[in-house]
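A.B. asks: Quick one: this structure, given as structure tokens, is what I'll be asking you about.
The values are calculated or read from the model by the stated rules, or taken from the named source; none is laboratory data. Since the model is a prediction, treat every value here as computed from it, not as a measurement. Ideal geometry is used to build each Cβ from the backbone, glycine not excepted, and the neighbour counts take in all protein chains shown.
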Amino acid sequence: MTRLLLNRRAPRFRDERLTVNCLMSSNQYNSVDAEGSYSLLDVKGAELGKGDAKIVLAGEALELRPLNGPYRLFPLQDIIFINSANYRIDIAMQDGRRLRLSMLGRRYEDIVRELHRMRNELIMRNMLMSEKLRKPGVKVELRPFRGAEGPCEVRLYDTALVLLPLRHGILRVRYSDIEGIEARNFMLHISLSSGELIVLTMLGREMDPLWGAISTAMAELAKETQLTIKSAYPQADGEVLNAASRLLREGRAARRWEIEDVSPALWKGLEEEVAARGMGAEYAYLSSLGKGNMVRIGIKRSISSDGTYVWFMIPILGPHGNAVVMEATSSADTGRATYFFRISPRAAYAAMSEEAREDAADRCMDMITTGLREINFRRQPIYLTDQQLRLEPWKKYRFSALMIPELRELRARFIGRVAHTSEEEWKTKVNQLLAFNTSSLDDAERWGSAEDELGEEGEGI
């Protein structure tokens, strides 16, 4: 009986896989259109239009051509959510409008698939921001994961694997969040540090190559982290090296006490590594202003050059604080700046106890770490103003700001940054920024001029 059921389902699956291959095997696509009905509501639920229309997907937009009514264009960059069920497609726009498409007939599946594919490709370009592709798309079947399942494409990039489901938004999984990977029962099982499990099936001959490519990417990142640890503390033995590598996985920042629990000498070595990479004076001065026992240090693969850089965070509390300062080494061809983020609402900070401030600072550093990892440590999406995000060449980051909640939080808490010039001028501006932060009661107010906002041309922190 089981065999009979499997045989009956097989033809439908093969047909769907043919559709997947047609839609996802090339970067060249024709436009897709369908006849159907639509209804459009504004942010308050008032009707803006309804009726029959031709729906066209082309370029980077959805076109609505009503039989009676005005032509409307919906850029994919303005779409924040797509839901498809019961042969209806509900689309939420960034400005609060809601579009429903229905009565699409046989073109329903094609419109759903192409809408997700086009939007996912746009997200890939804007959110990964030119991260190097390691392995092109592999067609798989995805078991339920974060609301997605079914036909899917897997791509491997420098620091993460990306899942592009046919009926769901893009899912990015960092290699540093993978705890283990194994092939079992003709399926690839990928366990994450969050406790989640990714199960990929229908890989065919791609099973071993995909498994090997993910493992190789993970091994390369682990090796780079261990080399940096050995540079900081050459005496590190296997046990110390393994424990420290887990704490300092690519992009993460470890607490001082966590590192000292592994080896006090390793923490001292990491501080010396910061100094050896040209940030000794800055680290010493910022440590004198902040809570030295709450410092965090991390290691990150560079997105603009080979190798890794070291970064740190220090919370500055007390009456002139309410800030976490973040600094990182950088390649020789990019400038450097010190970044400041607000710990708590400005109006509430003065009344907070020291314990409450420390708890808030810890949560803020967790948020900063998560946010930086989500945007692969790019700096421009953080400091560019909303007005600048509407202009070229920074317009690409506007979509990222819409799609990534952690980036929106980073931008909301961003106070300002101080570029590195002379040591004395840098110290003066650091103190000016901190004074501004404690005197202002407006959480949206930033420190710095328009010139400070534009800053360097490079992308990586």
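A.B. asks: With the checklist (1) out of contact with any strand residue (DSSP E or B) (no Cβ under 8 Å at 6 or more places or on another chain); (2) modelled with pLDDT under 90; (3) more than 22 Å from V56 (Cα to Cα) in hand, flag the one item L122 doesn't pass.
C.D. replies: Of (1) out of contact with any strand residue (DSSP E or B) (no Cβ under 8 Å at 6 or more places or on another chain); (2) modelled with pLDDT under 90; (3) more than 22 Å from V56 (Cα to Cα), only one is false for L122: (3).
A.B. asks: Which strands (runs of 3 or more DSSP E) does the stretch 38-92 wholly contain that include 2 or more residues that are over 26 Å from the mean Cα position of the chain (by Cα) and exposed (fewer than 14 other Cβ atoms within 10 Å of the Cβ)? Walk me through it before giving the result.
C.D. replies: Values: elements: 47-58, 61-66, 72-75, 79-85.
By residue number, 47-58.
A.B. asks: Hey, can you tell me all the residues within the stretch 225-251 that are in a loop (DSSP other than H, G, I, E, B), farther than 20 Å from R373 by Cα and not hydroxyl-bearing (S, T, Y)? Give the derivation first.
C.D. replies: First, pick out the residues of the stretch 225-251 that are in a loop (DSSP other than H, G, I, E, B): 233-237, 248-251.
Now restrict to residues that are farther than 20 Å from R373 by Cα: 233-237.
Passing the criteria: P234, Q235, A236, D237.
A.B. asks: If you take the residues in the stretch 153-203 that are in a loop (DSSP other than H, G, I, E, B) and β-branched (V, I, T), which one is surrounded by the fewest Cβ atoms within 10 Å (Cβ to Cβ)?
C.D. replies: Within the stretch 153-203, the subset in a loop (DSSP other than H, G, I, E, B) is 158-159, 166-170, 185-186, 193-196, 202-203.
Among the residues that remain, those that are also β-branched (V, I, T) are: 159, 170.
Working: T159: 24, I170: 21.
Restricting to residues being in a loop (DSSP other than H, G, I, E, B) and β-branched (V, I, T), the top hit is I170.
A.B. asks: May I ask you to verify whether S215 is buried (at least 19 other Cβ atoms within 10 Å of the Cβ), of a type in the set (S, T, N, Q) and either outside any loop (DSSP other than H, G, I, E, B) or in the same structural domain as S400 (by TED's automatic domain parsing) (or both)?
C.D. replies: Values: buried (at least 19 other Cβ atoms within 10 Å of the Cβ): no; of a type in the set (S, T, N, Q): yes; either outside any loop (DSSP other than H, G, I, E, B) or in the same structural domain as S400 (by TED's automatic domain parsing) (or both): yes.
Considered against the rule, which asks whether it is buried (at least 19 other Cβ atoms within 10 Å of the Cβ), of a type in the set (S, T, N, Q) and either outside any loop (DSSP other than H, G, I, E, B) or in the same structural domain as S400 (by TED's automatic domain parsing) (or both), S215 comes out as no.
A.B. asks: While we're looking at this one, here's another question. Can you say whether L210 is more than 22 Å from M118 (Cβ to Cβ) and out of contact with any Lys or Arg (no Cβ under 6 Å at 6 or more places or on another chain), as far as the supplied structure shows?
C.D. replies: Yes; evaluated as a whole, the condition is true for this residue.
A.B. asks: Examine the stretch 319-329 for a residue that is surrounded by fewer than 14 Cβ atoms within 10 Å (Cβ to Cβ), in the same structural domain as F414 (by TED's automatic domain parsing), over 27 Å from the mean Cα position of the chain (by Cα) and at pLDDT below 95, and state whether such a residue exists. Before the answer, list the steps.
C.D. replies: As a first pass, look at the stretch 319-329 and keep what is surrounded by fewer than 14 Cβ atoms within 10 Å (Cβ to Cβ): 319.
Of the ones still in play, those that are also in the same structural domain as F414 (by TED's automatic domain parsing) are 319.
Those left that are additionally over 27 Å from the mean Cα position of the chain (by Cα): 319.
From what is left, the residues that are at pLDDT below 95 are 319.
Yes, some residue in the stretch 319-329 is surrounded by fewer than 14 Cβ atoms within 10 Å (Cβ to Cβ), in the same structural domain as F414 (by TED's automatic domain parsing), over 27 Å from the mean Cα position of the chain (by Cα) and at pLDDT below 95.
A.B. asks: Let me ask you something else. How many residues does the stretch 295-313 contain that are surrounded by 19 or more Cβ atoms within 10 Å (Cβ to Cβ), out of contact with any Lys or Arg (no Cβ under 7 Å at 6 or more places or on another chain) and either under 12 Å from T228 (Cα atoms) or at pLDDT 95 or above (or both)?
C.D. replies: Total satisfying the criteria: 4.
A.B. asks: If you don't mind, there's one more thing I want to ask. Please work out if H168 is modelled with pLDDT of 95 or more and more than 30 Å from S304 (Cα to Cα).
C.D. replies: no
A.B. asks: Right, A356: within 25 Å of E282 (Cα to Cα) and over 12 Å from the mean Cα position of the chain (by Cα) or not? Walk me through it before giving the result.
C.D. replies: Values: within 25 Å of E282 (Cα to Cα): no; over 12 Å from the mean Cα position of the chain (by Cα): yes.
Here the answer is no, as A356 does not meet what is asked.
A.B. asks: For L133, state whether it is surrounded by fewer than 20 Cβ atoms within 10 Å (Cβ to Cβ) and either at pLDDT 90 or above or under 19 Å from L210 (Cβ atoms) (or both).
C.D. replies: On the way: surrounded by fewer than 20 Cβ atoms within 10 Å (Cβ to Cβ): yes; either at pLDDT 90 or above or under 19 Å from L210 (Cβ atoms) (or both): yes.
The answer is yes for L133.
A.B. asks: What are the residues in the stretch 403-461 that are farther than 14 Å from V324 by Cα, at pLDDT 95 or above and among the basic types (K, R), if any?
C.D. replies: Within the stretch 403-461, K427, K429, R446 meet the criteria.
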